[in-house]
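Structure, as structure tokens:
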């Protein structure tokens, strides 16, 4: 399914990005330090070119439990994707069936419908037999159109995307060191959307957000600006690189944030879980 040489090239590019990160921190701090060693008020840059905050990783990344580092305060910097990365799906030249499948995500009551659809994709063929024939036809039709639409959507640039997850899912991800998604991950370039709509607080008071580094050429289907949404390929596995518990997270963006229509905002108790797609 996957060209191995392409996976190797992506791995080389990721290592190059981490090497650039090392240079950045050497230039700013004089020494390379881990996130846990950064002083309060550190900047966790989320724009392409800086990648993950405060660490360099070499070789194969293995799935192991991850213990979050602690920061009293930090600033997350966001960059809006360029115009070539924000072309609405209705202007992409897709056929009518594909446009209809994508538009289904935006129909009234879409959340309940897409939740059922995602659960359908996540279950086994034996369990899918429990769905009505009409439902299976509907879901399989959608999948048959979404798969090629995403495959035909290579990124024009590096992107940092966010996905809010439940406290239960966050515990699973941190315990296993991996995030596995058999359905299509819905992501956004505006972290405040993840925090507002999908970042329910756990018993520890933290909201949990996945931070996904996506490189130019990797596939992601831009949906629209309503949720600043990108849909990623299904049946993917991600490895956790780093996790950071931030007591006071300041957000700075070069675009108006969905949370308050301003370019800055702040949120207390946010857990950022940085992940990279497995080769």
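The values are calculated or read from the model by the stated rules, or taken from the named source; none is laboratory data. Everything quoted here is computed from the prediction, not taken from an experiment. Cβ sites come from the backbone with ideal geometry, for glycine too, and all protein chains shown count toward neighbours.
For the structure I just gave you, tell me whether residue 195 is surrounded by 14 or more Cβ atoms within 10 Å (Cβ to Cβ), assigned to a helix (DSSP H, G or I) and in the same structural domain as residue 254 (by TED's automatic domain parsing). The answer is yes for residue 195.
Only residues that are part of a loop (DSSP other than H, G, I, E, B) and touching a residue at least 60 places away in the same chain (Cβ under 8 Å) were counted across segment 236-259, and they come to 5. Only one of the numbered conditions (1) surrounded by fewer than 20 Cβ atoms within 10 Å (Cβ to Cβ); (2) under 22 Å from residue 71 (Cβ atoms) is violated by residue 218, and that is (2). Restricting 126, 133, 181, 91 to residues that are in contact with a helix residue (DSSP H, G or I) (Cβ under 9 Å, 6 or more places away or on another chain) and either more than 24 Å from residue 272 (Cβ to Cβ) or assigned by TED's automatic domain parsing to the domain that holds residue 253 (or both) narrows the list to 181. For residue 169, the conditions (1) assigned to a helix (DSSP H, G or I); (2) in contact with a strand residue (DSSP E or B) (Cβ under 7 Å, 6 or more places away or on another chain) are fulfilled apart from (2).
Among the candidates 230, 184, the residue that is assigned to a strand (DSSP E or B) and in contact (Cβ under 8 Å) with a residue 40 or more places away in the chain is uniquely 230. Under the condition of being part of a loop (DSSP other than H, G, I, E, B) and modelled with pLDDT of 95 or more, the residues counted in segment 103-157 number 5.
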